[in-house]
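Down below is the structure, laid out as structure tokens.
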Amino acid sequence: MELTDEIRISAPRDVVYRALNDPEVLKDCIPGCEELTQNSPTELEAKVVLKIGPVKARFSGEVTLDTTNAPDRFSLTGEGKGGAAGFAKGGAEVTLTEDGDETVLTYTAKVDVGGKIAQLGSRLIAGTAKKLSGKFFTSFGEIVSEQSVS
Amino acid sequence: MNDQTLTPEERATNLKGMGCARKRVEDVRFTQGKGNYVDDIKLDGMLFGAFVRSPYAHARVVSVNKEAALAVPGVVAVLTAEDLAPLGLHWMPTLAGDKQMVLADGKVLFQGQEVAYVVAEDRYIAADAAELVEVDYEELPVLTDPFEALKSDVVLREDLAGQTEGAHGPRKHHNHIFTWEQGDKDATEAVLGEADVVAEEMVYYHRTHPCPLETCGCVASMDKVTGKLTLYGTFQAPHAIRTVVSLISGLAEHNIRVISPDIGGGFGNKVGAYAGYVCSVVASIVTGQPVKWVENRMENLMATAFARDYWMQGKIAATKEGKITGLWCHTTADHGGFDACADPSKFPAGFMNICTGSYDIPTAYLAVDGVYTNKAPGGVAYRCSFRVTEAAYFIERMIEVLAIKLNMDAAELRRINFIKADQFPYQSALGWEYDSGDYHTAWDKALKAVDYDGLRAEQAQRIEEFKAGKTRKLLGIGLTHFTEIVGAGPVKNCDILGMGMFDSCEIRIHPTGSAIARIGAISQGQGHATTFAQIIASEIGLPADDITLEEGDTDTAPYGLGTYGSRSTPVAGAATAVASRKIRAKAQMIAAYLLEVHDGDLEWDVDRFAVKGAPERFKTMKEIAFAAYNQAIPGLEPGLEAVSYYDPPNMTYPFGAYICVMEIDVDTGEWDVRKFYALDDCGTRINPMIIEGQVHGGVTEALAIAMGQEIAYDEMGNVKTGTLMDFFIPTAWETPNYTTDHTVTPSPHHPIGAKGVGESPNVGGVPAFSNAVHDAFRPFGLVQSHMPHDHWRIWKIANGLGMHG
């Protein structure tokens, strides 16, 4: 499954990039995130409760960042395990482009899911994934804009 | 009693014997919701089991942590392979001569594989606790394509490492299971080399699933006082299950009672032994309490036996006039992670060698390679005799492909190649002796019934209109003439785990002239209680309404191999007729005593023995029954009962002619079945209404398979069709009207000439639907397109042929 989107955030690029690396901000923005720990500048560990259709499960995941070309672009790869509910793994390419006082964030994510969540049909999963990423970026945009103003 | 006022015909009618459209006696309870299925069984202190299943299709199981699950109040036990290993029950034998993990032993080989079994006080606690079992997996590369699996370095079955010899001969690769060859390879290749015309095609019969309305399940109840295990379950072969349970558990067979209660459809899904049975039996022995396990729909579709998944590469040779001279087939059979196909032991590809079909093909060769992949095990006969539907689909597609190559009408091509009525019994090039048939009569009747010439004229006109831009709908005419091989089978070559595939019937006549019969088969909706009583009624002259049929309890029923592969009527039905005749023979001696004549002076007359030449002197069967219990007859034991274990001398070969007329919208891929005509010849017809019901049900399942139903996997080995949202089951909305018809060509070796019909409509239906789709696109260049023909795939055919502008 592939997800792509473009979001305009009312904050300069360095503020956006800093926020994307701030575990507290991420924890507040990721829907259902219970814990988020930064083990190193490029390694994160998270516990997230997800509900996809009739399946609700707690996923434990690890995310690794590649910040070689930051803040223009960076990539991340990760894997989450949800026990009986299944698992997910994937990666995303993110670019941050300055546009005046604002920043345009675009991302392309590729996610593979397995187990019960995969069997419920891609219709359901794609819709849920879009909804979750939408929620994430709405919250993220709000928090970052506030930070930028204050 | 000496009632002579009724004619013999009227007396026969009153018996409701063979040929009568007797209403199903089972339906009194089913239509009132009073059936008794496995999940209706509630025993005191009953516990419930639930599986922890693998989300991965191929992974190493690094660890299983039960602590959190065991901490849940109400959880009694959590079983893993480690717990079963000391009992030797972490693996079990399969029907195909392989072995299969009961619970994951170090690794998993398909998504949904059983990893741990949670036993709890109720079903909800068991399900919740199963989610708390923490399993650490290490992902391994996934192989879902059998052709890739045969080339891959990835070893799926590490337990078989170094074993170059399998249950069915040499293994060519670590993911290879067997090669099975039939016919004459050299002669066939020579024919192909010299032929005027050779048509070649890959015919794929996709993976699907029987998906019975009731899923698989059981209740195991160990009585620690008597030492007796009672196992209730959705078993299509209760006696075979008892023997298997005895062999793998070590419990003596007389201490095991297997009961199949009402079964909500089987279609092959309930033939094999599943991990759920073994774990429930173990859990009951350990806890001393009854344990119930019933799978849910997702578990049923992803883990218990699938069907088909055959890649059939074919070559068919013919003269330029269309006379077929040879047939060659190489099949790559995807068996999943374990070889758990349910076939007679000596037939690892079932009766796939019936693939010469209804045609007189002098030379043929078949090879089948079985392959391990990361998919669920199974390979059951889904409403067909073993791999017969694959064979019928293959030959009926190859005939169409040959017709295209020859630029011939496919109906005529069939006609000139049919085995002729005077050629029976017919010896096929791949080893079978067809018992009887009259294909030309059936074919002509079918073509006339649908006005075949008229349909072709309409089709030609439709093509003109399409080309002129006046319509976007095509007309397809799907033809099929199938020959089945059912009624397994002769003990000399058919066995399951060493047990010969005979079947049995025991009949007891009560003093007042009613009766009880017990058989080794078991109904899953076939209506045995109705039809077997009709066989007995006609054979011994007691009304069917006075005869009870009991089956499915191994403590009372005689040993038999169960119901699948259309074997009930050909085998248990024959045993029923033979047992009835034994009773009639004794009844004749009793009647002779009562009438004070020699038995040779009596003749049978519907429901009585009468003195030859003096029909007013007779004894009815009812009178004879009473005499059997109240007269001291010199030289005869009291009582009137008989048992027969029937070993059939041959299979039976039902056949039929099916024609489907289908409208197809090239822009949306939508199809509409305008007419479906099904002519079946199942030999002697016992109950026309039940036959019609069987045909309706079987054609509807065929519609499902051909037009949408599949078990699809993605490249990670995820089952993409794990719910009824994605797995197509036709409803009243999709189901067309069917026209049924018949001819009657009795089996010469069966006591009543019956051949079996339950599976014909599935075997014949699938190629009829598929051929209709192909036929619609034939004028535009389509030769072969794989099933299922859902709207998307039909749209792709049209798109690929450039029909979307």
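Read-outs throughout are calculated quantities, based only on the coordinates presented, and are distinct from any laboratory measurement. Note that this is a predicted model, so its numbers are computed, not measured. So basically every Cβ, Gly included, is an ideal-geometry build from the backbone, and we count neighbours across all protein chains shown.
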Checklist outcome for this item: Taking a crude spin-label model, label points 7 Å out from Cα along the C-beta direction, the B:Lys448 to B:His791 distance in nm is 4.1 nm
Checklist entry - Taking N as the number of residues in region B:227-386, what is its alpha-carbon radius of gyration divided by 2.2 N^0.38 Å? => result 1.33
Checklist entry - Which entries in the list B:Lys492/B:Lys586; B:Lys445/B:Lys675; B:Lys405/B:Lys473 go over 19 Å, if you measure between the two C-alpha atoms of each? => result B:Lys492/B:Lys586; B:Lys405/B:Lys473
Checklist entry - What are the extents of the Cα atoms of region B:13-102 along their three principal axes, listed from largest to smallest and rounded to whole Å? => result 68, 39, 27
Checklist outcome for this item: Fraction of alpha-carbon pairs in region A:67-142 farther than 17 Å apart, rounded to whole percent, equals 56 percent
Checklist entry - Hey, what did region A:2-149 get for relative contact order, percent, Cα under 8 Å, at least 6 apart? => result 29 percent
Next on the checklist: Checking the cross-link filter: which lysines have an alpha carbon closer than 30 Å to that of B:Lys34, excluding same-chain neighbours under 8 positions apart?
Outcome noted: B:Lys16, B:Lys23, B:Lys42, B:Lys228, B:Lys270, B:Lys292
Next on the checklist: Using alpha carbons only, how many angstrom separate the centre of region B:697-725 from the centre of region B:25-49?
Outcome noted: 28 Å
Checklist outcome for this item: Checked chain B against the a/c 1.5 cut and the a/b vs b/c comparison, axes a ≥ b ≥ c from its Cα gyration tensor; verdict oblate
Next on the checklist: What FRET efficiency comes out for B:Lys612 versus B:Lys346 if R0 is 51 angstrom and r is the Cβ-Cβ distance? Round to the nearest 0.05.
Outcome noted: 0.55
Item to check | Qualifying GluC sites (Glu not before Pro) for region B:320-427 [loop in DSSP, other Cβ within 10 Å: at most 16] | outcome: B:Glu321
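Normalised by the empirical 2.2 N^0.38 Å for globular proteins, what value does the Cα Rg of the protein assembly as shown take?
Normalised by 2.2 N^0.38 Å, the Cα Rg of the protein assembly as shown equals 1.06.
Give, in nm to one decimal, the length gained when the segment between B:Thr164 and B:Thr668 is fully stretched (0.36 nm per residue of separation minus the Cα-Cα distance).
Residue separation times 0.36 nm, minus the Cα-Cα distance, leaves 176.4 nm.
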Next on the checklist: List the residue ranges in chain B for DSSP H helices whose C-alpha atoms run 30 angstrom or more along the long axis and whose Kyte-Doolittle average is -1.0 or above.
Outcome noted: B:574-595
Checklist outcome for this item: Place a point 7 Å from the Cα of B:Gln313 in the direction of its beta carbon; the residues of region B:160-176 whose amide N falls under 11 Å from it are none
Checklist outcome for this item: The ³J(HN,Hα) series, computed from each phi in region A:89-96 with the Karplus coefficients 6.51, -1.76 and 1.60 at θ = phi - 60°, rounded to the nearest Hz and given as x for glycine or proline, is 8, x, x, 9, 10, 10, 10, 10
Checklist outcome for this item: For region B:348-494, averaging the sequence separation of alpha carbon pairs under 8 Å that lie six or more residues apart and dividing by its residue count, the contact order in percent is 31 percent
Next on the checklist: Show me the three semi-axes of the equivalent ellipsoid for region B:130-198, from the C-alpha gyration tensor (sqrt of 5 times each eigenvalue), largest first, rounded to whole Å.
Outcome noted: 39, 16, 11
Item to check | Lysine pair number, Cα distance threshold 13 Å (strictly under), chain A, separation 8 or more or different chains | outcome: 11
Item to check | Shape category assigned to region B:18-57 from the gyration tensor of Cα positions, a/c cut at 1.5 | outcome: oblate
Next on the checklist: What does the C-alpha gyration tensor say about the overall shape of region B:220-262? Classify as rounded when a/c is under 1.5, otherwise prolate if a/b is larger than b/c, or oblate.
Outcome noted: oblate
Checklist entry - What whole-number value in cubic angstrom gives the convex hull volume per residue for the C-alpha atoms of region A:2-149? => result 91 Å³
Checklist entry - Can you list the trypsin sites (Lys or Arg not before Pro) in region B:324-411 that are in a DSSP coil and have 13 or fewer other beta carbons within 10 angstrom? => result B:Lys346
Item to check | Among A:Leu20, A:Leu96, A:Leu105: highest mean-square fluctuation, GNM of chain A, C-alpha pairs under 10 Å | outcome: A:Leu20
Checklist entry - Counting only Cα, what are the radius of gyration and maximum Cα-Cα distance Dmax of region B:311-418, in Å? => result 15.2, 46
Item to check | Gaussian network model of chain A, springs between alpha carbon atoms under 10 Å - residue of A:Gly134, A:Gly53, A:Gly80 with greatest fluctuation | outcome: A:Gly53
Checklist outcome for this item: Once normalised by the length of region B:352-410, the mean sequence separation of its alpha carbon contacts under 8 Å that are 6 or more apart gives a contact order in percent of 48 percent
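Which GluC sites (Glu not before Pro) in region B:142-209 pass both tests, a DSSP loop state and at most 14 other beta-carbon atoms within 10 Å?
Nothing satisfies the criteria.
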Checklist outcome for this item: In nm, the gap between the two label points placed 7 Å beyond Cα toward Cβ at B:Val154 and B:Leu801 is 3.7 nm
